[in-house]
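Notes to accompany the following structure.
Bear in mind that the values in this text are calculations on the coordinates, not laboratory data. Keep in mind that this is a model prediction, so the values were computed, not measured. Heads up, the Cβs are rebuilt from the backbone with ideal geometry, glycines too, and the neighbour counts pull from every protein chain shown.
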Amino acid sequence: MKRLAIFTLALMISTGAIFAQRGLGPCATGQPGPGKMMFLDKLELTDAQQSEFDLKHLEHREKMLKFQNQLELARLEMAKVMTADGVDAGKLKELTDEMSSIKAEMKQAKLALWMDIYNMLDADQKKEWKKGYGGFMGGKGRKGNFGPGRKGGRGQGMGLGPCNRF
């Protein structure tokens, strides 16, 4: 019975990871969705700013891909540990800690991108940027660009388009 429960849990974890992969559409290409395009147009970036923005965004996507691969490998290792004879609780805790650390690094990279972009904007652009992405890291949801939020008002809600990337 215990083996069946462990197998079921491992199957659920791996199935979730498979279905969480990117599909086709604007997200798969790395292009912002229509809502973000309208928002970025409001910033009225200069050519130099647009080039810097694009470069920083590409660098950020590369970092995120590396983090996502590390997370997926840790999930796979966890599934192996959970389906092995004699489940090692210490190893499971170690893998959980590793995944938490990777997720924290992802949040830090997201914050660094936000600050890099914010610092390249002029005063008027900064106001628009804060309106559109001021609550991107979570916290109480807002009406307007981010909707009422999820989970009873917590979280950023659905975002500006189908590809919540910033």
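Quick rundown of the values:
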quantity	calculated
Distance in nm between pseudo-label sites at Thr83 and Ala123 (7 Å out along the Cβ direction from Cα)	6.1
Cross-link pairs Lys63/Lys127; Lys80/Lys107; Lys56/Lys127; Lys56/Lys91; Lys42/Lys103; Lys42/Lys110 - those with Cα-Cα distance over 25 Å	Lys63/Lys127; Lys80/Lys107; Lys56/Lys91; Lys42/Lys103
